[in-house]
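Just so you know, all these numbers are worked out from the coordinates, no wet-lab data involved. Keep in mind the model is a prediction, meaning the values are calculated, not measured. Please note: Cβ atoms are built from the backbone with ideal geometry, for glycine as well, and neighbour counts cover all protein chains shown.
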Amino acid sequence: MSLKLEEIHPKVFLDIQIGDLPLGRVVIELFEQLAPNTVANFQHICRGDHTSLVSGGPLTYKNTYFHRVIKNFMCQGGDVNLADLREVTTQEQYLENKYAGMGGESVFRSGENFESENLTQAIDRSFLVAMANDGDVNHNKSQFFITTYPAPHLTGKHTVFGQVCHGKSVVRDMERVRTFQTNLPNWEERVVITDCGDWREGDALPVYNCSNLTLAGDIYEEYPDDDETINPDSSESVYQAAEIIKEAGTQLFKQKQTQQAFFKYKKALRYVNEFIPGEDQPEWNAKYLVMKKKLYLNLSLVCTQLQDYQTAYDYATLLIELNHEYPAILTTTPAELAKAYFRGGAAQVKLGKVEDAVKSLRKANELLPGDALIEREYQNAEALVTNKKNKEKQKYAKFFA
């Protein structure tokens with residue numbers, strides 16, 4: 001009996017930052033047998049172990065940026081001749097380079113173009129990595145793109161040399177940045193490669209826009225459309241995934257890992273929102289709506305603890321609106337509804353909207369009379385309103401003194 005060994009391909013990483021905030025690491029699996037020259041070129045530029053004939057410094061993707069981002073299509077970068085973004089400190093400097101995307105340099109033949117490879121592979125899915133060119137398939141240097149949607153019209157026109165195997169959520173956030181009409185990301189959301197190099201199994205996978213912890217059995221991708229383990233045609237399959245993700249959030253919350261819990265709850269909500277069945281499946285429709293209710297409650301709580309009061313208020317309000325729309329299905333208890341009004345009202349106090357806070361907290365107090373925490377916050381909000389009115393009276397009294 002012969003054992004079939006899984007083929008192991010080399011991998012490289014790109015650490016991505018949006019604006020001034022780190023986003024996370026993208027790991028690319030390379031097809032070295034299908035595109036050996038392209039892979040070698042990409043690896044060397046990731047390592048920065050060649051000298052640029054243009055700048056005289058290392059030929060590297062480090063501190064370069066993605067100059068062309070189109071949602072539901074691709075993210076393109078790799079113009080290594082652009083200014084080092086560490087030296088670009090203003091939007092004016094960022095926009096000065098009118099030739100963004102027109103440069104590039106390879107490690108071959110004095111930095112010149114090299115021939116295409118692997119043109120027969122279909123560009124029919126997200127997260128493929130291919131070389132960019134100027135229309136001539138053999139004009140390859142350093143520019144590359146990552147697909148975020150199937151692009152079969154590009155098949156045969158670009159060398160496909162890899163695929164994203166880790167950090168798909170990072171790529172999804174990259175493609176969602178705001179851009180100028182030229183598809184260049186806005187200065188505030190510029191997409192920068194802050195580091196790059198070889199990556200081996202067991203190396204770090206830092207990520208700052210989600211939680212990649214796998215507790216409670218959460219092995220699912222951040223965005224359900226990218227996940228290959230769920231059955232998108234099965235309401236039960238997606239619901240079970242969302243339940244597992246939600247449980248991961250609850251475990252993290254109990255461990256006081258509040259930010260990680262927020263990421264998990266938000267991820268679970270994404271699965272619920274994208275796959276909620278219609279009214280033709282009343283049983284599953286009800287289950288999804290009830291889970292959405294619970295997630296809104298949990299998110300309003302963790303956002304309060306994270307001191308993100310506007311988002312806490314938003315989630316509390318979403319729960320109240322959901323209950324108003326589906327009262328018979330949700331069967332929300334007075335205690336649950338009181339929590340929503342309380343968290344919304346407490347957030348409004350922090351946001352300085354004390355008059356609105358009093359209304360929310362009064363409603364919470366009516367739903368759950370005798371609750372000491374609600375009563376205390378309600379009295380505090382009323383005192384703030386009274387104090388505000390007294391200050392306004394004193395202010396206007398000066399004009400008539």
Problem set entry | Leading residue at positive end of dipole, region 215-394 (Cβ point charges), from 241, 370, 394 | 394
For this session: Of all alpha-carbon pairs in the chain, indicate the percentage at a distance above 39 angstrom.
Result: 35
Problem set entry | Non-local Lys pairs in region 217-340, i.e. 8 or more apart or on different chains, that have alpha carbons under 12 Å apart | 10
Problem set entry | Rounded, prolate or oblate (a/c below 1.5 giving rounded, otherwise prolate when a/b exceeds b/c) for region 156-206 by Cα gyration tensor | oblate
For this session: Report the charge-dipole magnitude of region 323-401 in Debye, nearest 20, computed about the Cα centre from +1 at each Lys and Arg Cβ and -1 at each Asp and Glu Cβ.
Result: 600
Exercise. When the dipole is taken about the Cα centre of the chain, and only Lys, Arg (+1) and Asp, Glu (-1) are charged at their Cβ, what size is it in debye, to the nearest 20?
Worked result: 2000
Exercise. Length gain on complete extension for the stretch residue 372 to residue 307, per 0.36 nm per residue less the alpha carbon to alpha carbon distance?
Worked result: 21.2 nm
Exercise. Fully extended, how many nm does the chain gain between residue 95 and residue 236 (0.36 nm per residue separation, minus their Cα-Cα distance)?
Worked result: 45.8 nm
Seminar exercise, completed: Among 132, 153, 179, the residue whose Cα sits farthest towards the positive end of the charge dipole of the chain, when +1 is placed on the Cβ of each Lys and Arg and -1 on the Cβ of each Asp and Glu, is 179
For this session: Enumerate the amide H contacts of residue 68 below 5 Å, restricted to partners 5 or more residues apart or on another chain; note that Pro and chain-start residues carry no placed amide H.
Result: 76
Exercise. Any idea what % of Cα-Cα pairs in region 244-369 are farther than 18 Å?
Worked result: 54
Problem set entry | Pairwise FRET efficiency - residue 33 versus residue 136, Cβ, R0 = 22 Å, nearest 0.05 | 0.35
Seminar exercise, completed: Rounded to the nearest 10 degrees, the helix 36-47 long axis (Cα) sits at an angle to the longest Cα principal axis of the chain of 60
Exercise. How large is the Kirkwood hydrodynamic radius of region 125-271, in angstrom, based on all distinct alpha carbon pairs?
Worked result: 17.6
Seminar exercise, completed: Correct semi-axes for region 11-199, from √(5λ) of the alpha-carbon gyration tensor and rounded to whole Å with the largest first, are 22, 19, 16
